[in-house]
Amino acid sequence: MVLAVAVQRACAPAAKVIWRPFWNRGLPRVSCLPAAAFSGQAFHRLAAQATYEQLEKAQIEIARAAVRRFELSADVLAFDTTNFDTHIATTTPGELARRGHAKSKRKDLRVVGLAALVSEAGHVPLLHRTYPGNGSDQTVLGECLEALGKLHEALDEAEPRSRAPGRTLVRDGGSWGEQLELDLDVEGYYTLLSLPLSHSASQLALEYAARRGAMKRLGGKLGEVRAARLRTTVGDAALDRTLVGWRARNCCADRSGGSPRHCTRPRRNYASWGGRRPMDASKPRCWRTKCERR
């Protein structure tokens, strides 16, 4: 049943209601079972017997085979979470469909969360886990630590490495936690994440970047980017971390869709933003006030 569903998803992905027409054409060639035996109800009964441990083991083995077969680079892994709306009634019992912070901004629907770990090369999914819609990023990442450790060992076996094993986990600031950082160090992962401005480490990075000569221009394709690098201890656990503050000339255009209405910094070439006449950059207060009004 699992192999048949995998073939159907790969060849002609569609809803379960059209399984029977698809299998009527293909199953007689490889199986003596009738297509009626491969129904959505039968698949649901079999899938309900699978445990989280079995699913994680299958994912790790698939990830090992994918890295070995397609020679994927797994030095950098990206972790992120999202959620999906469901139309399950409020009175219907369930462990995954819960009311939480929906990405779609819908407050009238129950949502199901999904966490995914993908490779830098090709964005190939290597590990995923579903979680209740009212869960947090930090909690779900903490629950995946054991699976991350097993995945780390599996990727070391599948990917020949000439240097000591070490991988970088890229994620957003919503999953920050001192204990989580220590646990990731134990599992053999480096971390790269963006912190909100309200975090104390962000304040340290901004204060250091404001010093004269701290911002250095990068080379190559990032020639328009300037960055300041500071290595210090963060948090009550005195974590040894490197803080980087950066600034790009076109950062405001990228985040506001080419419009300066969200930018509160003076710009000399306003014409390149909206096609209007340049404004005097010697009056930053007046410029900021006009931007805020817009």
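Tell me, please, whether a residue that is under 24 Å from N134 (Cβ atoms), exposed (fewer than 11 other Cβ atoms within 10 Å of the Cβ) and either of a type in the set (S, T, N, Q) or at pLDDT 90 or above (or both) can be found in segment 44-58.
Yes, segment 44-58 contains at least one residue that is under 24 Å from N134 (Cβ atoms), exposed (fewer than 11 other Cβ atoms within 10 Å of the Cβ) and either of a type in the set (S, T, N, Q) or at pLDDT 90 or above (or both).
Could you list, in sequence order, the residues of segment 57-81 that are more than 17 Å from S119 (Cα to Cα) and not hydrophobic (A, V, I, L, M, F, W, C)?
Listed by number, the list holds a single entry, K57.
Could you please let me know if G188 is on the phi > 0 side of the Ramachandran plot, surrounded by fewer than 17 Cβ atoms within 10 Å (Cβ to Cβ) and not assigned by TED's automatic domain parsing to the domain that holds N83?
In short, no.
Here are some conditions: (1) closer than 27 Å to V234 by Cβ; (2) modelled with pLDDT under 90; (3) of a type outside the set (D, E, K, R). P160 meets all but one. Which one does it not meet?
Of (1) closer than 27 Å to V234 by Cβ; (2) modelled with pLDDT under 90; (3) of a type outside the set (D, E, K, R), only one is false for P160: (1).
If E146 satisfies all but one of (1) in contact (Cβ under 8 Å) with a residue 12 or more places away in the chain; (2) touching a helix residue (DSSP H, G or I) at 6+ places or on another chain (Cβ under 9 Å); (3) not basic (K, R), what's the number of the condition it fails?
(1)
For segment 172-249, which fully contained strands (runs of 3 or more DSSP E) count at least 3 residues that are aliphatic (A, V, I, L, M) and in contact (Cβ under 8 Å) with a residue 12 or more places away in the chain? Show your work before the answer.
On the way: elements: 189-193, 225-234, 239-248.
In segment 172-249, the matching strands (runs of 3 or more DSSP E) lie at 225-234, 239-248.
Report, by residue number, each residue of segment 98-124 that is of a type outside the set (K, R) and either surrounded by fewer than 14 Cβ atoms within 10 Å (Cβ to Cβ) or outside the structural domain of L77 (by TED's automatic domain parsing) (or both).
H101, S104, D108, G122, H123
Name the residue, out of C263, C286, C251, that is surrounded by 15 or more Cβ atoms within 10 Å (Cβ to Cβ), at pLDDT below 85 and not aromatic (F, W, Y). Steps first, please.
Values: C286 fails: surrounded by 15 or more Cβ atoms within 10 Å (Cβ to Cβ); C251 fails: surrounded by 15 or more Cβ atoms within 10 Å (Cβ to Cβ).
Answer to the check: C263.
Can you tell me which of (1) outside any loop (DSSP other than H, G, I, E, B); (2) surrounded by 14 or more Cβ atoms within 10 Å (Cβ to Cβ); (3) not basic (K, R) is the one G135 doesn't meet?
That leaves (1) as the condition not met.
Taking segment 203-227 only, how many residues are surrounded by 13 or more Cβ atoms within 10 Å (Cβ to Cβ), closer than 23 Å to V76 by Cα and either assigned by TED's automatic domain parsing to the domain that holds S175 or within 25 Å of the chain's Cα centre (by Cα) (or both)?
Number satisfying all stated conditions: 2.
Provide a single number: the residues in segment 94-115 that are in a strand (DSSP E or B) and either modelled with pLDDT under 90 or touching a helix residue (DSSP H, G or I) at 6+ places or on another chain (Cβ under 8 Å) (or both).
Number of matching residues: 2.
When T81 is evaluated against the numbered criteria (1) β-branched (V, I, T); (2) surrounded by fewer than 17 Cβ atoms within 10 Å (Cβ to Cβ); (3) in contact with a helix residue (DSSP H, G or I) (Cβ under 6 Å, 6 or more places away or on another chain), which criterion, by number, is the only one it fails?
(2)
Enumerate the pairs (first residue in segment 53-79 and assigned by TED's automatic domain parsing to the domain that holds A116 and over 13 Å from K150 (Cα atoms); second residue anywhere and acidic (D, E) and surrounded by 19 or more Cβ atoms within 10 Å (Cβ to Cβ)) with beta-carbon separation below 9 Å, excluding pairs fewer than 6 apart on the same chain, so at least 6 apart or on different chains.
Correct list of pairs: F79/D137.
Provide a single number: the residues in segment 66-87 that are among the β-branched types (V, I, T), under 24 Å from L184 (Cα atoms) and more than 15 Å from the chain's Cα centre (by Cα).
1
The values are calculated or read from the model by the stated rules, or taken from the named source; none is laboratory data. None of these values were measured; they are calculated from a predicted model. Using ideal geometry, Cβ is built from the backbone for each residue, glycine included, and neighbour counts are taken over all protein chains shown.
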